[in-house]
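Beneath this line is the structure, given in C-alpha cells, with notes to follow.
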Amino acid sequence: MAVKHPELNFPPIKLAAIERDGKPMVFDTIRKSYVVLTPEEWVRRHVVEFLISHCHVPRLSITQEYPVNINSTAQRADIVVFDSQARPLMLVECKAPDIKVDRSVVEQATRYNMVVGARYIILTNGLKHYCFELSTEGYRQILHFPQYE
C-alpha cells in the first residue's frame, strides 16, 4: 500500500496503516479504530499527535467529530479539547493540504464555536496554521498553538 501524502508543517509521526477493501486505513489512537486515510485525516492525525506531544494535551481530553447543532442541522467539529474541568478549551478545524484556510474556514469554525464555547480556535491544512483566542473583544490571532492548562 503506497499512498503518498504531502509532508506537513508538523513533526513526523508513526502511523499504523492497513488496506481494507482497497482503501488505505490508519489507526486512530483516540477512537481506537481504523479510519479511512483521507487527506484531511492525514492532517487530523498529525494535529492530534502534536497536541499530545507539544501542547501537553492528555489523550483523554481530545474528542474528534464532536457534534455541533447549528440551526437544527447536525454538523461536526473535527477536534475539541476539554480542560481538566471538562470545559471546551480548543476547537480545531482540519482541512486537507490542498484546501486553503480562508475566510470561509474561519467563519465555519467561529459558527461551531458559538455552540461549543472554546477559548481557542485552531485552523490548519497541515501546511499553514492559524490560532485564535477568544476574549471579551472577540477573537485575536495568537502566534503559537496554545498549551494545555
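Taking the criterion of being open to solvent by 70 Å² or more (accessible area, probe 1.4 Å) and free of Cβ contacts under 8 Å to residues at least 24 places away in the same chain, the residues of region 136-149 that qualify are Thr136, Glu137, Arg140, Gln141, Leu143, His144. Restricting the first member to region 10-36 and to residues that are within 14 Å of Val48 (Cα to Cα), and the second to residues that are part of a strand (DSSP E or B) and hydroxyl-bearing (Ser, Thr, Tyr), the beta-carbon pairs closer than 6 Å and six or more apart or on different chains are Phe27/Tyr34.
Strands (runs of 3 or more DSSP E) fully within region 1-114 that include at least 2 residues being open to solvent by 40 Å² or more (accessible area, probe 1.4 Å): 17-20, 23-28, 33-36, 62-70, 73-82.
Remark: Ala118 falls outside the filter, which requires a residue to be modelled with pLDDT of 95 or more, open to solvent by 70 Å² or more (accessible area, probe 1.4 Å) and either in a helix (DSSP H, G or I) or of a type in the set (Gly, Ala, Ser) (or both). Scanning region 95-135 for residues that are touching a Phe, Trp or Tyr at 6+ places or on another chain (Cβ under 9 Å) and in contact (Cβ under 8 Å) with a residue 40 or more places away in the chain, we see that the one that is nearest to Ile79 (Cα to Cα) is Ile122.
The values are calculated or read from the model by the stated rules, or taken from the named source; none is laboratory data. What you see is a predicted model; the values in this text were computed from it and never measured. All Cβ positions, even for glycine, are placed from backbone atoms using ideal geometry, and neighbour counts span all protein chains on display. When the accessible area is computed, the model is the full protein with side chains, heavy atoms only, and any ligands, DNA or RNA have been set aside. Shrake-Rupley method; radii C 1.70, N 1.55, O 1.52, S 1.80 Å.
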